[in-house]
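One structure below.
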Amino acid sequence: MPVVSAARYGKDNVRVYKVHKDEASGIHTVTEMTVCCLLEGAIETSYTVADNSVVVATDSIKNTIYIKAKEHPVNPPELYASILGQHFLDTYAHINVANVNIVVKRWTRMVIDGKEHPHSFYRDGEETRNVEARITRQGIEITSGIAGLLVLKSTGSAFHGFVRDEFTTLQETWDRILSTDVDANWKWNTLPNVAAVEKQVAQFDKAWEDARKITMKTFAEEDSPSVQNTMYKMSEQILDAAPETTSVTYALPNKHYFEVDLSWHKGVKNTGKDAEVYAPQTNPNGLIKVEVSRS
Ligand code: AZA
């Protein structure tokens, strides 16, 4: 007879907004996030024999997401994810794992006439701050990350010395456009419980800020010999900046910008050192991934 070898279920795409209103100053702080919470445990019978007595309804999981957001801080998202997941383990003996994923959108405070506005914000890009937490009775595994940070540099990138074979048409280049959509993640040492997560809250925000800075500074300042080498240098620095992490991953699409030969029009020069007008490519794109761990 077939067996259920893996199963998880829950609510995905739960959108949550929370405002903190500081009474004294009148300053509001807002957070908007999308939460996915999937449970694992002794739930096989719900699949095999329609035993719903082991099922916490996904609607209840959604409600729990709202209530826990009301009762507890939602920042940093690593802490909120841990608190939410721990609730299910504390409440249900047959639930062994809560997988909580959070995607936080940007709401950046407006600066009006040089002053930070107390309650107005704008979306400065599609970049998100992400958390994937796996909460178990043995410990809490957390991976934090950045996704959707679109960057481009108009020079300071090269790619040469690569394999040439019968299928190679790509020319070597010592000066090219480099653009990518940054997806970077850093995995934390497993923490024993929510109290340990709470103790290290400052590190989560610091690592996120450091990872953003390292990614952008390295991207901007380095003369990149390849995406591979650049992402390795970024990973090394994040491991240094966040000693409680075990590994860093990057996934970087290489978003190509092709030169356009315009010589057909009155001999216009638009290639090599004369290139100014390019054709941005939607697809295909290179995709370069790495995981860098402490040796
Ligand atoms: N890495 C790069 O940085 N650029 C490339 C590659 C690669 O592997 N392949 N084509 N262009």
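The values are calculated or read from the model by the stated rules, or taken from the named source; none is laboratory data. This one's a predicted model, so the numbers in the text were calculated from it and none came from an experiment. Note that each Cβ is placed from the backbone with ideal geometry, even for glycine, and that neighbours are counted across all protein chains shown. Surface areas here come from the heavy atoms of the whole protein model, side chains and all, with no ligands, DNA or RNA. Shrake-Rupley method; radii C 1.70, N 1.55, O 1.52, S 1.80 Å.
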ask   = If you place +1 on the Cβ of every Lys and Arg and -1 on the Cβ of every Asp and Glu, how big does the dipole about the Cα centre of the stretch 1-137 come out, in debye to the nearest 20?
value = 120
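So for His265, His256, what's the accessible-area order with a 1.4 Å probe, most first?
Details: His265 85, His256 55 Å².
The ordering from most to least exposed comes out as His265, His256.
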key: Principal-axis tilt of helix 227-241 within the chain, Cα atoms, nearest 10 degrees   = 40
key: Between helix 58-71 and the chain: long-axis angle, C-alpha atoms, 0 to 90°, nearest 10   = 90
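Give, in nm to one decimal, the length gained when the segment between Thr91 and Asn52 is fully stretched (0.36 nm per residue of separation minus the Cα-Cα distance). Walk me through the intermediate numbers first.
Values: separation 39, 0.36 × 39 = 14.04 nm, distance 1.70 nm.
Taking 0.36 nm per residue and subtracting the Cα distance, the gain is 12.3 nm.
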remark   = Going residue by residue through the stretch 256-272, the Karplus relation 6.51 cos²θ - 1.76 cosθ + 1.60 with θ = phi - 60° gives ³J(HN,Hα) values, rounded to whole Hz and with x marking Gly or Pro, of 6, 10, 8, 5, 10, 7, 10, 5, 4, 9, 6, x, 4, 8, 9, 10, x
Within straight-line cross-link reach of Lys289, lysines at Cα separation under 17 Å, skipping those fewer than 8 residues along the same chain = Lys187, Lys233, Lys255
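What dipole magnitude, in Debye to the nearest 20, does the chain give about its Cα centre under +1 on Lys/Arg Cβ and -1 on Asp/Glu Cβ? Don't skip to the end; give the middle numbers.
On the way: 32 positive and 39 negative charges, 90 e Å.
That gives the chain a dipole magnitude of about 440 debye.
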ask   = Tell me, what ³J(HN,Hα) does each residue in the stretch 158-168 have, in order and in whole Hz, if you take phi through Karplus 6.51 cos²θ - 1.76 cosθ + 1.60 with θ = phi - 60° and put x for Gly and Pro?
value = 9, 7, 8, x, 7, 4, 10, 9, 5, 9, 8
query = What lysines sit close enough to Lys11 to cross-link, taking a C-alpha to C-alpha distance under 22 Å and skipping anything fewer than 8 places away on the same chain?
reply = Lys62, Lys68, Lys70, Lys105
query = Put a dot 7 Å past each Cα toward the Cβ at Lys213 and Val151; how far apart are the dots in nm?
reply = 1.4
inquiry  = When only alpha-carbon atoms are used, what values of Rg and Dmax, in angstrom, describe the stretch 199-295?
reply    = 18.7, 68
note = Projecting the Cα atoms of Asn52, Val74, Phe88 onto the charge dipole of the stretch 1-137, where Lys and Arg contribute +1 and Asp and Glu -1 at Cβ, the residue farthest towards the positive end is Val74
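Quick one: accessible area per residue over the stretch 16-130, 1.4 Å probe, rounded to a whole number of Å²? Please list the in-between numbers first.
Working: 5890 Å² over 115 residues.
Counting only protein heavy atoms, the per-residue value for the stretch 16-130 is 51 Å².
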query = Loop-only check: which GluC sites (Glu not before Pro) in the stretch 90-128 are DSSP coil with at most 14 other Cβ within 10 angstrom?
reply = Glu126
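Would you mind telling me the share, in percent, of accessible area of the stretch 1-110 contributed by carbon and sulfur at probe 1.4 angstrom?
Working: 3120 of 5750 Å².
Roughly 54 percent, rounded to a whole number.
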request  = Distance from a point 7 Å along Cα→Cβ of Thr173 to each backbone N in the stretch 246-261: keep the residues under 16 Å and list them by number.
outcome  = 253-261
query = Picking from Ala207, Trp107, Gln138, whose Cα lies most toward the positive end of the charge dipole for the chain (charges on Cβ: Lys, Arg +1; Asp, Glu -1)?
reply = Trp107
ask   = Which of Val14, Trp186, Ser263 sits closest to the plus end of the dipole of the chain, meaning its Cα is farthest towards the positive end, when Lys and Arg get +1 and Asp and Glu get -1 on the C-beta?
value = Val14
query = Using a basic spin-label model with each label point 7 Å from the Cα along Cα→Cβ, how many nm lie between Val4 and Glu126?
reply = 3.6
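Contact order normalised by length for the chain, with contacts defined as Cα pairs under 8 Å and 6 or more residues apart; what percent is it?
Values: 568 pairs, mean separation 37.5, N = 295.
It comes to 13 percent, rounded to a whole number.
Which order do Val268, Val97, Val111 take when ranked by solvent-accessible area (1.4 Å probe, heavy atoms of all protein chains), largest first? Before the final figure, lay out each step's value.
On the way: Val268 55, Val97 15, Val111 90 Å².
Accessible-area ranking of Val268, Val97, Val111, largest first: Val111, Val268, Val97.
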message = What number do you get for the chain when its Cα radius of gyration is normalised by 2.2 N^0.38 Å, N = residues?
response = 1.23
task = Sort out for me the Cα centre separation of the stretch 70-86 from the stretch 217-295, rounded to whole Å.
result = 35
task = Quick one: grab Rg to one decimal and Dmax as a whole number for the stretch 1-137, Cα atoms only, in Å.
result = 18.3, 71
task = Under 1.5 on a/c is rounded, so check that first for the stretch 72-221, then, if it is not, pick prolate when a/b is larger than b/c and oblate when it is not; a ≥ b ≥ c are the square roots of the alpha carbon gyration tensor eigenvalues.
result = oblate
key: Hypothetical label at Arg15: residues of the stretch 26-66 whose amide nitrogen lies under 15 Å (7 Å Cα-Cβ projection)   = 31-36
request  = With label points built 7 Å along Cα→Cβ from the Cα atoms of Ala158 and His117, find their separation and express it in nm.
outcome  = 4.7
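Longest exposed-loop-site-free stretch of the chain, with trypsin sites (Lys or Arg not before Pro), DSSP loop and at most 14 other Cβ within 10 Å?
The segment 9-122 is the longest one with no such site.
Within the stretch 1-55, which GluC sites (Glu not before Pro) sit in a loop by DSSP and count at most 14 neighbouring Cβ atoms inside 10 Å?
On the way: sites: Glu23, Glu32, Glu40, Glu44; in loops: Glu23.
Answer in residue order: Glu23.
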